[in-house]
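The values are calculated or read from the model by the stated rules, or taken from the named source; none is laboratory data. Everything numeric here is computed off the predicted structure, so don't read it as measured data. Here the Cβ positions follow ideal geometry from the backbone for every residue, glycine too, while neighbour counts run over all protein chains shown. Calculation scope for accessible area: heavy atoms of the full protein, side chains included, ligands and nucleic acids excluded. Shrake-Rupley method; radii C 1.70, N 1.55, O 1.52, S 1.80 Å.
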Amino acid sequence: MPILTKRLNKTSLGLYIHVPFCRSKCQYCDFYSLACKDDKLMDGYLDAVCAHIKEAGALAPGYKVDTIYFGGGTPSFFGADGLAIILTTIRRNFDVDNNAEITFECNPDSVSDKLLHRLRAEGFNRVSLGIQTDDDEILKKLGRPHTYAQAVTAYQRIRKAGFRNVSVDLMYGLPGQTLRTWQETLDNVLKLLPEHISCYGLKVEEGTPLWDYKEAANLPDDDLQADMYLAAVELLRSRGYRQYEISNFCRKGQYSRHNMKYWTGGEYLGFGPSASSDFAGKRFTLTRDIQTYIQGIRDGGEVMEDVQEIPLRERAGEYLMLRLRTQQGIAADEYERLFLLPFQPLVKVLANHRSLGYVGVNDQGRWYLTPKGYLISNTIISDLLMAQDESEPIRRLF
Amino acid sequence: MTLPYESFYEVYRMTELSKIRNFSIIAHIDHGKSTLADRLLEECDAIDQRIRAEQMLDSMELEKERGITIKATAATLTYTADDGETYALNLIDTPGHVDFNYEVSRSLAACEGAILVVDASQGVEAQTLANTYLAIDAGLEVLPVINKIDLPSARPAEVKAEVEDIIGIPAEDSPEISAKNGINIHSVLEMIVRDVPAPTGDRNAPLQALIFDSQYDSYRGVIVYTRIKQGTVKPGMDIKMMATGATYKVVEVGNMSPTGLIPRDALGAGEVGYITASIKTVADTQVGDTITGLENPASEPLPGYRPVQPMVFSGVYPADGAKYQDLREALEKLKLNDASMSYELESSIALGFGFRCGFLGLLHMEIIQERLEREYNLDLITTAPNVVYRVTKTSGETMMVYTPLDYPDPMEIQLAEEPFAKVNLIAPQEYVGNIMELCQQRRGEFKDMVYLDANRVELHYEMPLNEIIYDFFDALKSRTRGYGSLDYELIGYRPSKLVKLDILLNGDIVDALSFILFADNAYPRARKICEKLKENIPRAQFEIPIQAAIGGKIIARETIKALRKDVLAKCYGGDITRKKKLLEKQKEGKKRMRTFGTVSVPSEAFMAVLKLDED
């Protein structure tokens, strides 16, 4: 059962396609992706994803697909033909809304005019470009196979190809970065006038190459990262970008409709190794191994790694954890209606954090985190989860 | 050689004094005491093979894990010796730690002989000596046994010489055994029959029965373990505890076997057995007390009784304040079975309701804590242990201070005293320098030093008990690569320069972190504690000053910087499950924290303060 976005007619659905191929692996990346151009493997992947989409489409007749997101990996590196075939397969097997948001991620080193024109023609209407920083030295250190100049060129090509909804990814907390260089990066990138900007604090994940030399990497400490974050929020706000989620900013209401589903309890289906779904009350993740995925789809074997039926009580925790990432925040009536739990115990915690400037509340009674609050959102959310644990369900319905 | 159980009664009913042998096994820790006890039981076939487990007499799970005996236990073995006679051998297993010295002395008082187990490679150690002296003081025949002769490093001849030289008892003919591999066990049994004196006593005299242990059983009430010194005890008889004055009617008497209790018609002088009398708590059956008859009572109790006296006190609080009642019930139940622990209601501003608990020593304290946590499923916060201080106020009033909460204002103190102990340390001579340095750090006053042999040295110190109870044993072990051994004994109170150190978090005193210490140690210790707390208290949304103060004067300070960043930058479809787990974990961590004013302190922080490692 969809929790928040139930429509009168069909239920809306997001599709995520994980394209696990890259030119090279970045030092900090812990997504599932292979740094190779193996045509046979890519073909096997393409067949499997398409077969998987056919299988799933038959199971979701009551849904209307209104967002499709090709992430990775580097979808642009996979090539326009493959992406086009997948999108066509989706259109044939799902009911895709005419106004669906269809995004693909790309990197500056793998966007040609040809690819862009082709994808625009196929109906892709949103592009997410990974720029990360304007400092070529840092780009090199991070193992990214492009320069900032290439990124600017790529951006211009994307515009030229007719995309009117472009997002760029930036990172702060990078090796050797200072508050000043970060602000310069933002200034430079803002000159491009993207509709959407994501700013991610670098998190050093275990198992990545960076993890092994993090002590020597000259990484900004938590306090500096916090300053960088607040500086970005302030600068972007002053340039007309609304912060609609912890790490996401947009102009003119052009938020990522697909990503918003993750934070508002929408339903989505994932395809490709390591992709996750939240569908029909269950959350599940596909295998992180491409061969297992290809063979599993072909032979009808197991491709799931983790299937969980999420009870309502747990959904109530997810609501807090995910909703509070967004500017919409949370509201008493919505919460009590959805989860039959009292909101009052949470108010105590929220009010306490509000007095310290971490939480705000608007005229409609929606509670949200301030930028300062976002920075310590784990602390606030875990406080709320604790208060939630102690609350008894509202009994009036039972 | 062995008899079936049916004939057990027969043997017993007719057991003459000359056919009884009462003995203990004494040893330094890890020299193989419990293993030997098991072998003796097996050799006499007292243990049903089906229920045989390693170290039968050590019945608590904790005892098995730690490899030590905490409670004394006893068993009667039936043994037919090479001379063709059948003997009743009463084995009384004694606790094996310096914390339980008094209990050991009472167990020994129930015996006529003691088997001294000495490790064939380690030789004589501090507790070998301490326990031997206890046995000799109790007038026991001490019979050395050289154990672990199968080890490649065994040097039985040298160790025998050591026993003769250091302890001064003949060891030339001592059995050389391996308890672990069952080598020469028979010779130990023969030695017991031959060399342990038979008990004496008049079975018609007024009853004098020594309590050497007791155990609570939810069906029978307290089961008193006793050695009948004079007279006879039977079911139906009215008895009286001579120290506590409590009276009861005997329900049952009998013998302990490793597999259970075996009722008998009567227990007479010279015998070891149990008595039940619908006794509700072990506090009424104090170790060392004498049981006599209400009619025809003995004129004197047996010598050596001493009321139990906890030496170390610490605040025990439920980590979750709501669990206070559960903690109370758990302590009540534990107390039924452990008269040496004391507890009293205590309330701390910081921790709410809890208990001031008294223990025989730190090991005892750890055992109780572990049992509370394991057997009663409690999460505890324990405050720093302290000894009992004696303070004479300017008003002339003398008070015993069991908790820092009660420590008077410095202005009101005329004289402060702390308990001192005599400490015996044994180690190879190359570590003497290290030991001396350690003892000096711990305010030890050097008394003398004796060479036990060409290689090993025994040092005597007098030292404040407070310096011993924290981590002295660990420090000794690390400075002697594990070769050092320790034994101590309380010798009384001495004047001392004492201060109470308070810890302030965000400007408020956390009373549960206060403690009393020697003034000269205050500065380094205060700094260390502030550092430890800084490491263990999570950052909050504001800066938290940690201060240590004596009487309002700040002597150390650290600052926990405000939390600025605790955020998951990315959270898309594939991240949700993982990040949910992370937040759940964070939440659970918070549940285990105590909030003092505005500062949350995890229970680990209290632990960290307890374990200030000096290096």
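Note on B:R527 and B:D82: the extension gain reaches 153.4 nm, defined as 0.36 nm multiplied by sequence separation minus the Cα-Cα distance. Label-to-label distance, A:D289 versus B:I491, with points set 7 angstrom from Cα along the beta-carbon direction: 7.0 nm. For chain A, the square roots a ≥ b ≥ c of the C-alpha gyration tensor eigenvalues yield an a/c of 1.5 or more together with a/b not exceeding b/c, which makes the shape oblate. The alpha carbon convex hull volume per residue for the protein assembly as shown rounds to 237 Å³. Which FRET efficiency, nearest 0.05, do A:L193 and A:A280 yield, Cβ-Cβ r, R0 45 Å? Calculated value: 0.65.
Label-to-label distance, A:E215 versus B:K234, with points set 7 angstrom from Cα along the beta-carbon direction: 7.9 nm.
Find how many whole Å separate the alpha carbon centroid of the range B:520-543 from the alpha carbon centroid of the range B:279-347. Centre-to-centre (Cα) distance: 37 Å. Along the Cα-to-Cβ line of A:H117, 7 Å from the Cα, sits a label point; which residues in the range A:161-185 have backbone N less than 16 Å from it? Those under the cut-off are A:161-163. Straight Cα distances below 20 angstrom link B:K160 to the lysines B:K33, B:K148, B:K180, with same-chain residues fewer than 8 positions distant left out.
Full extension of the segment from A:E302 to A:T264, taken as 0.36 nm per residue of separation minus the current Cα-Cα distance, would add 10.7 nm. At a Förster radius of 25 Å, what calculated FRET efficiency corresponds to the Cβ-Cβ distance of B:F353 and B:E412, to the nearest 0.05? For R0 = 25 Å, the calculated efficiency reads 0.40.
Buried between B and A is an accessible area of approximately 3400 Å², summed over both sides with a 1.4 Å probe.
Beyond a 24 Å Cα-Cα separation, which of these cross-linked pairs lie in this structure: B:K532/B:K581; B:K532/B:K591; B:K323/B:K553; A:K37/A:K214; B:K532/B:K579; A:K140/A:K203? Result: B:K532/B:K581; B:K323/B:K553; A:K37/A:K214; B:K532/B:K579 exceed 24 Å. A DSSP coil position with no more than 12 other Cβ atoms inside 10 Å describes the following chymotrypsin sites (Phe, Trp or Tyr not before Pro) in the range A:188-252: A:Y213. Under the rule a/c < 1.5 gives rounded, and otherwise a/b versus b/c splits prolate from oblate, where does the range A:312-389 land using the Cα gyration tensor? Judged from the Cα gyration tensor, the range A:312-389 comes out prolate (a/c at least 1.5, a/b above b/c). Using only side-chain charges placed at the Cβ, +1 for Lys and Arg and -1 for Asp and Glu, the dipole size of the range A:7-263 relative to its Cα centre rounds to 1240 debye.
With the dipole of the range A:215-279 worked out from charges on the C-beta (+1 for Lys and Arg, -1 for Asp and Glu) around the Cα centre, which of A:H258, A:G270, A:V233 lies farthest toward the positive end? The Cα lying farthest towards the positive end belongs to A:H258. For the pair A:R315 and B:T281, a Förster radius of 56 Å applied to the C-beta separation gives a FRET efficiency near 0.60, rounded to the nearest 0.05. For the range A:224-317, build the charge dipole from Cβ charges (+1 Lys, Arg; -1 Asp, Glu) around the Cα centre, then report which of A:T292, A:Q243, A:V303 sits farthest towards its positive end. About the Cα centre, the residue reaching furthest to the positive side is A:Q243. Helical content alone sets the calculated 222 nm signal of the protein assembly as shown at -9500 deg cm²/dmol, taking -39,500 (n - 2.57) per DSSP H segment of four or more residues and averaging over every residue.
Here B:K393 is the anchor, and the aspartates and glutamates within straight C-alpha reach of less than 13 Å, apart from those fewer than 8 places off in the same chain, are B:D406, B:D409, B:E412, B:E417.
Against the main long axis of the alpha-carbon atoms of chain B, helix B:33-43 sits at an angle near 30°.
Each of B:L40, B:A548, B:A109 was placed along the dipole of chain B (beta-carbon charges, centred on the mean Cα), and the one lying farthest toward the positive end is B:A548.
One chain, two ends: B:A157 and B:E535. Fully extended at 0.36 nm per residue, the span grows by 130.8 nm beyond their Cα-Cα distance. Each Lys and Arg Cβ is given +1 and each Asp and Glu Cβ -1; about its Cα centre, the range B:486-543 then shows a dipole of about 180 debye. Here the label points at A:V347 and B:D150, each 7 Å from Cα along the C-beta direction, are separated by 7.4 nm in the simple model.
Under the combined filter of DSSP loop state and at most 10 neighbouring Cβ atoms within 10 Å, the range A:334-373 retains none of its chymotrypsin sites (Phe, Trp or Tyr not before Pro). Summing Cβ point charges (Lys, Arg +1; Asp, Glu -1) relative to the Cα centre of chain B gives a dipole of roughly 3040 debye. Taking a spot 7 Å from the Cα of A:E336 along the direction of its beta carbon, which residues of the range A:287-313 have an amide N less than 19 Å from it? Within reach of a label on A:E336, which here means backbone N under 19 Å from a point 7 Å along Cα→Cβ, the range A:287-313 contributes A:313. Taking trypsin sites (Lys or Arg not before Pro) across the range A:2-103, the ones in a DSSP loop with at most 13 further Cβ atoms lying within 10 angstrom of their Cβ are A:K6, A:R7, A:K37. Taking GluC sites (Glu not before Pro) as candidate sites, keep only those in a DSSP loop with at most 12 other Cβ atoms within 10 Å, then name the longest stretch of chain B containing none of them. After excluding every exposed loop site, the longest remaining stretch is B:398-542. In degrees, nearest 10, range 0 to 90: what is the angle between the Cα axis of helix B:324-337 and the longest Cα principal axis of chain B? It works out to around 20 degrees.
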